[in-house]
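In what follows, a single structure is set out as structure tokens and then discussed.
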Amino acid sequence: MQDSFVEEVVALLPNLKRFALSLCRRPDVADDLVQITAERAFRARHQFDPATRLEAWLFRILRNAWIDMLRRDRTRGETVDIHDSPQADPVDSAAQTDDRIMLQSVQAAMATLPEDQRAVLHLVCVEGLSYAETAQTLDIPQGTVMSRLSRARRALGEKVGIKGGTGR
């Protein structure tokens, strides 16, 4: 007999990793957050309501793990990853280079956004959660999701040199 809960959690691991990276901006910490999330999800699987989206439930667990980690790290001080270094791409066309530059500028701009805006922007624009699911995941009103998303999009557009509306 197959365990669909396990299969669904495993299928969502890449999404969890992306969200974790958007919060902490460090691959090693993101991996830790995903592992903590999976462990907590399996331990608390009896609390999961099948009427809700598993993805939103997992994102909420991950966000709570991130908050726990931040609180714990306040007393620990700053750590530096010695493996942070750019990697060369041996084959690259001009279009790929332009795309890579734009992506890097968007990532850098996202990193400067306040955490509350960055989390909303990631969940809605990268992970594709609805406003309601994002509100539930972050435990905030839906209107707050919409205003944070609007501010985040506007700030991101200004930082990367895109003028005009916020879209959606």
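Taking the Cα centre of region 97-162 as origin and assigning +1 to Lys and Arg Cβ atoms and -1 to Asp and Glu Cβ atoms, the resulting dipole is close to 220 debye. Rounded to the nearest angstrom and listed largest first, the equivalent-ellipsoid semi-axes of the chain from its Cα gyration tensor are 28, 21, 18. Ordering Trp66, Trp57 by accessible surface, largest first, gives Trp57, Trp66; the 1.4 Å probe counts only protein heavy atoms, with every chain in place. What the Cα convex hull of region 1-76 gives, in volume per residue, is 92 Å³.
The figure for Glu115 is an accessible area of roughly 70 square angstrom, using a 1.4 Å probe on the protein chains alone. Rounded to whole numbers, the Karplus 3J(HN,Hα) couplings from phi for region 94-109 are 4, 5, 5, 5, 4, 4, 5, 5, 5, 4, 5, 5, 5, 4, 5, 5 Hz, using 6.51 cos²θ - 1.76 cosθ + 1.60 with θ = phi - 60°, and x at Gly and Pro.
What you get for the chain, charging only the Cβ of Lys and Arg (+1) and of Asp and Glu (-1), is a dipole of about 740 debye around the Cα centre. Placing one equal scatterer on every Cα of region 97-162 and applying the Debye formula, the log10 ratio I(q)/I(0) at q = 0.11, 0.19, 0.22, 0.25 Å⁻¹ is -0.25, -0.68, -0.86, -1.02.
Normalising the average separation of contacting C-alpha pairs (under 8 angstrom, six or more residues apart) by the number of residues puts the relative contact order of the chain at 23 percent. In the chain, helical runs assigned H by DSSP with n ≥ 4 each contribute -39500 (n - 2.57); averaged across all residues and rounded to the nearest 500, the mean residue ellipticity at 222 nm is -21500 deg cm²/dmol. Couplings for region 118-130, taken from phi via the Karplus curve 6.51 cos²θ - 1.76 cosθ + 1.60 with θ = phi - 60°, read 4, 5, 5, 4, 5, 5, 7, 8, 9, 8, x, 6, 6 Hz in order; Gly and Pro are left as x.
The values are calculated or read from the model by the stated rules, or taken from the named source; none is laboratory data. None of the values given here were measured: they were computed from a predicted structure. With ideal geometry, Cβ positions are generated from the backbone for all residues, glycine too; neighbour counts draw on all protein chains shown. Each accessible area value is taken on the protein alone, full model and side chains, heavy atoms only, with ligands, DNA and RNA left out. Shrake-Rupley method; radii C 1.70, N 1.55, O 1.52, S 1.80 Å.
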